[in-house]
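The values are calculated or read from the model by the stated rules, or taken from the named source; none is laboratory data. Computed from a predicted structure; not experimentally measured. As a convention, Cβ positions derive from the backbone with ideal geometry for all residues, glycine included, and neighbour counts pool all protein chains shown.
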Amino acid sequence: MKRYSVFAIAREAVRYHMGWERAWASPEPKAAYDAIIVGAGGHGLATAYYLGKNFGITNVAIIEKGWLGGGNTGRNTTIIRSNYLQDPSAAIYEKARSLYETMSQDLNYNVMFSPRGVMMLAQTHHEVRGYLRTAHANALQGVQTEFINPQRVKELCPILNIDGPRYPVLGALWQPRGGTGRHDAVAWGYARACSAMGMHIIQNCEVKGVRSEGGQVTGVDTTKGFIGTKKLGMVVAGHSGQLAEMAGFRLPIEAVALQALVSEPIKPCMDVVVMANTVHGYMSQSDKGEMVIGGGTDGFNNFTQRGSFHHIEETLRALVETFPIISRLKMLRQWGGIVDMTGDRSPIISKTPLGNCFINCGWGTGGFKAIPGSGWAMAELMAKGEPGPLAADFNMWRFKDGQFIDESVAAGVAH
Ligand SMILES: Cc1cc2nc3c(=O)[nH]c(=O)nc-3n(C[C@H](O)[C@H](O)[C@H](O)COP(=O)(O)OP(=O)(O)OC[C@H]3O[C@@H](n4cnc5c(N)ncnc54)[C@H](O)[C@@H]3O)c2cc1C
């Protein structure tokens, strides 16, 4: 695989860009692999990448029913932060955030990580208490956050109205090294690196069944035939319930559509990410100038990857008091993704009732930020057969044992 560099761009510029290679190969499946990962979203691709990079396991297939990065990974609003309350969450999200810092160099692919700062507004006294608590917890966890006053909020984001009649801004939890990244590029960068290690990314290939013998998976039935494997990793977000059912077990997961929308592009007016959990909405400005606006989940379980009119109205109605400038903005596009929600709003990275089958899901409305950390932890679980310190607390049996990792405050607004 040729490296991308300024010299490569210069070389290609003088030969009409005829020398670029395809970023990843599209092979036909082999009869069997050492490991199969179902789902070529960010989490599946990152798992494969760290299986190769950290454990030297490269006889791997990543099987995707659509196109890589076409699920939630290519549909999210790209907020990256690690200001969670509980220790296991802070550990995995901070690991992910720190891996994002060097991801472009590691993958030799520009993922446009932009640590522009993320603030979560406190607009009720209850939220002030909650975020002060999180700031103290983050200090102990080594995650750099601080609770800032309304004047500092206004300095950092002048377009905010901090004196709203219903919900004045009382402060904010500020994470200066949080930010955004380019979601497609994260998937494409991992895919290119996996392909360069000889892994097979098999797109347009749906897993329809999981075969097992004596409590061990032997392979998967797909729309391209049976493919054998020694280890199986299920990383399919909103479709985790179906995959688990194919393998004969049940998960405490609900699938719902989560929606977002973008405005027409406007001049730069906001260089931080702002989340307003009480009114339920959040906003940042993309490099193209569009205001990227996130709303909530649908109030009922469904598998539709689309937007709906009432969400535009609800989200903009919620945000317009805090961001009066959006009252005359035209909205360009809206969409939805199927997210996988757990009861405690924390993920599952776990062994399963089948010995060589592992699952990574439950990232719900906020898993883009976790992609590298999650892939790192899932690769360790698949390679060693046992979870490492990052994944240990996120096992699926915590729901039976009552060992919840409650992040309903940190995950308050869907992002
Ligand atoms: C509107 C929206 C906004 C969001 N905003 C943010 C945000 O700002 N910050 C943040 O951190 N997170 C955000 N998220 C959440 C984030 O996008 C997800 O948690 C994350 O992308 C999940 O990645 P994944 O790899 O697990 O899933 P996906 O990217 O969905 O990948 C799973 C893949 O599995 C494939 N698959 C499913 N079933 C099968 C099968 N039977 N056979 C083969 N392949 C199969 C799917 O086609 C899909 O490509 C948002 C999500 C949405 C929808």
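Yes or no: region 187-197 includes at least one residue that is free of Cβ contacts under 8 Å to residues at least 60 places away in the same chain and surrounded by 15 or more Cβ atoms within 10 Å (Cβ to Cβ).
The answer is no, given that none of the residues of region 187-197 is free of Cβ contacts under 8 Å to residues at least 60 places away in the same chain and surrounded by 15 or more Cβ atoms within 10 Å (Cβ to Cβ).
How many residues, within region 27-41, are under 16 Å from Tyr190 (Cβ atoms) and part of a loop (DSSP other than H, G, I, E, B)?
3
Return the residue satisfying two criteria in turn: it lies in region 181-231 and is in a strand (DSSP E or B) and among the acidic types (Asp, Glu), and of such residues it is farthest from the ligand (Cβ to nearest atom).
Glu213
Taking only region 23-35 into account, find how many residues are buried (at least 24 other Cβ atoms within 10 Å of the Cβ) and out of contact with any Gly (no Cβ under 7 Å at 6 or more places or on another chain).
1
Of the residues that make up region 368-390, is at least one under 24 Å from Arg211 (Cβ atoms) and within 11 Å of the ligand (Cβ to nearest atom)?
Yes, that holds for at least one residue.
Does region 132-177 hold any residues that are touching a Pro at 6+ places or on another chain (Cβ under 7 Å) and under 23 Å from Met291 (Cβ atoms), and which are they?
Within region 132-177, Asn161, Ile162, Val169, Arg177 meet the criteria.
Any idea which residue in region 1-52 is nearest to Phe368 (Cα to Cα), counting only those that are of a type in the set (Lys, Arg) and touching a residue at least 12 places away in the same chain (Cβ under 8 Å)?
Here the answer is Arg3.
Just to verify a result, which residue in region 255-287, among those that are of a type in the set (Asp, Glu) and in a loop (DSSP other than H, G, I, E, B), is surrounded by the most Cβ atoms within 10 Å (Cβ to Cβ)?
Within region 255-287, the match that is surrounded by the most Cβ atoms within 10 Å (Cβ to Cβ) is Asp271.
I'd like to check something: does region 2-10 contain any residue that is assigned to a loop (DSSP other than H, G, I, E, B), within 10 Å of the ligand (Cβ to nearest atom) and over 30 Å from Asn138 (Cα atoms)?
No, the conditions are met nowhere in region 2-10.
Would it be correct to say that Val169 is in contact (Cβ under 8 Å) with a residue 60 or more places away in the chain, within 10 Å of the ligand (Cβ to nearest atom) and either crowded, with 16+ Cβ neighbours inside 10 Å or more than 24 Å from the chain's Cα centre (by Cα) (or both)?
no
Would you check which residues across region 232-271 are under 24 Å from the mean Cα position of the chain (by Cα), more than 10 Å from the ligand (Cβ to nearest atom) and farther than 22 Å from Ile371 by Cβ and list them?
Glu245, Arg250, Pro252, Ser263, Met270, Asp271
Just for region 93-137: of the residues that are within 15 Å of the chain's Cα centre (by Cα) and more than 20 Å from Ala193 (Cβ to Cβ), which one is surrounded by the fewest Cβ atoms within 10 Å (Cβ to Cβ)?
Glu94
Does Val207 satisfy the criteria of being under 28 Å from Thr77 (Cα atoms), surrounded by 15 or more Cβ atoms within 10 Å (Cβ to Cβ), touching a Phe, Trp or Tyr at 6+ places or on another chain (Cβ under 9 Å) and among the aliphatic types (A, V, I, L, M)?
No.
One line per residue, one yes/no per condition, for (1) part of a helix (DSSP H, G or I); (2) hydroxyl-bearing (Ser, Thr, Tyr); (3) buried (at least 24 other Cβ atoms within 10 Å of the Cβ); (4) more than 6 Å from the ligand (Cβ to nearest atom):
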residue	(1), (2), (3), (4)
His43	yes, no, yes, no
Ala46	yes, no, yes, yes
Tyr49	yes, yes, yes, yes
Lys53	yes, no, no, yes
Thr58	no, yes, no, yes
Ile62	no, no, yes, yes
Lys65	no, no, no, no
Ser82	no, yes, yes, yes
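If you check every pair at least six apart or on different chains, which have Cβ atoms under 6 Å apart with a residue in region 360-374 that is under 19 Å from Glu254 (Cβ atoms) first and a residue that is of a type in the set (Gly, Ala, Ser) and modelled with pLDDT under 95 second?
Filtered contacts from region 360-374: Thr365/Ala414; Gly366/Ala411.
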